[in-house]
Each structure stands twice: as structure tokens, then as C-alpha cells.
Amino acid sequence: MAQSLGVDLTSKRKRKRSDYPYHEDYRTRWNDNDMFHHINNPVYGVLIDSIINSYLITKCGYSTAESKYIGLVANTYCDYFGSAQYPGMLDIGLRVVKMGKSSVMYEVGIFQEGSEQVKAVGGFIQIWVERATNKVTDEGVPAWIKEPLQRLLKGGEQDPDRSKL
């Protein structure tokens, strides 16, 4: 039975690595730190953007330079629950919360190696448009993007495992 992963702060604070179907590692760098000796907040935004685009490029065949369709960011957020720092490794997890006709809502969980507590949960909503016009098409999210993203639906209302309920 699939579990629903709420998007409220209490639910996000309880995220586990297993809540995310896709993961990438990130080795922190000295310049990631702020004056308080933890990862500077804008770095989290870069990590969120990086894992989403990495998945789109490597798993969906998306080309930021040549694809006919592009995903425009319509909304971003990041909630912080603990400090990550240099030196160290971060485990970045990705899931799709919801897919609409033309939009995708992504969620990213950030964990520090050696700690089970989620450090931050963030993400964004992307609207897929035709590059030439910046307008949503009748097709919406292109099928060649949508199909690989469906593998990341976990705990959302369209999670394939939820159909077994």
C-alpha cells in the first residue's frame, strides 16, 4: 500500500531517503558555506535545479539547447529543517509530486551523509511550453518527457502504486 506524502511542513520534516525514487550525490565545497559554517541557502536552490535538470537530460533525453519544448519554472520553494555543512557528502533525492496536463511539480529532499534527518525539502513547478512561442501546447507535457517522469511519481495522487488501494 503506497503512502501519501503530504506537502505540509510536518510531513516534509519526516521525509526519508526512501521517499525519493531517484538520487544523486553532491560533495560539498568550501565555498558552499556561509559565515555560520553551514551550506548557504542559495546553494540549496542550485542543488534542486541541478538534480531536476540532470534527470530531464539523462533520463528523458531533454536538451536545453535543442529541444522544441522547454520547461519554464513557475514557482519555487525550499523549507529548511537542519544544517548541512562542508566537508561532507549530500544525498539529493527527487520525486514528482504531481503531473498536470502542462505542468510538473517536483520535490527534492536533501540529506547529509551520516544523518537520517532531512536537511531541506524544496522544489518547483515547471510549465512545459513550445520554445518558439513560450506558449502551452495542446499536447501539454511532451510524451517523451512525461513517460520517464511518471517513474518518479511517489506518494502523489497519480502514484501508480496508489491504484492498488
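Structural remarks
- The condition of being modelled with pLDDT of 95 or more, in a helix (DSSP H, G or I) and buried (at least 16 other Cβ atoms within 10 Å of the Cβ) holds for only one of ILE57, ILE48, that being ILE48.
- Number of the exception - PRO87 against (1) outside any strand (DSSP E or B); (2) at pLDDT 95 or above; (3) closer than 23 Å to ASP34 by Cα: (2)
- Qualifying residue in the range 125-147 (condition: touching a strand residue (DSSP E or B) at 6+ places or on another chain (Cβ under 9 Å), at positive phi and either modelled with pLDDT of 95 or more or not β-branched (Val, Ile, Thr) (or both)): yes
- Residue count for the range 72-84 satisfying the condition of being of a type in the set (Phe, Trp, Tyr) and not in a loop (DSSP other than H, G, I, E, B): 2.
- Each residue in the range 80-134 was checked for being among the β-branched types (Val, Ile, Thr), closer than 24 Å to ARG27 by Cβ and free of Cβ contacts under 8 Å to residues at least 40 places away in the same chain, and 0 pass.
The values are calculated or read from the model by the stated rules, or taken from the named source; none is laboratory data. Nothing here was measured: the structure is a model prediction, and the numbers come from that model. So basically every Cβ, Gly included, is an ideal-geometry build from the backbone, and we count neighbours across all protein chains shown.
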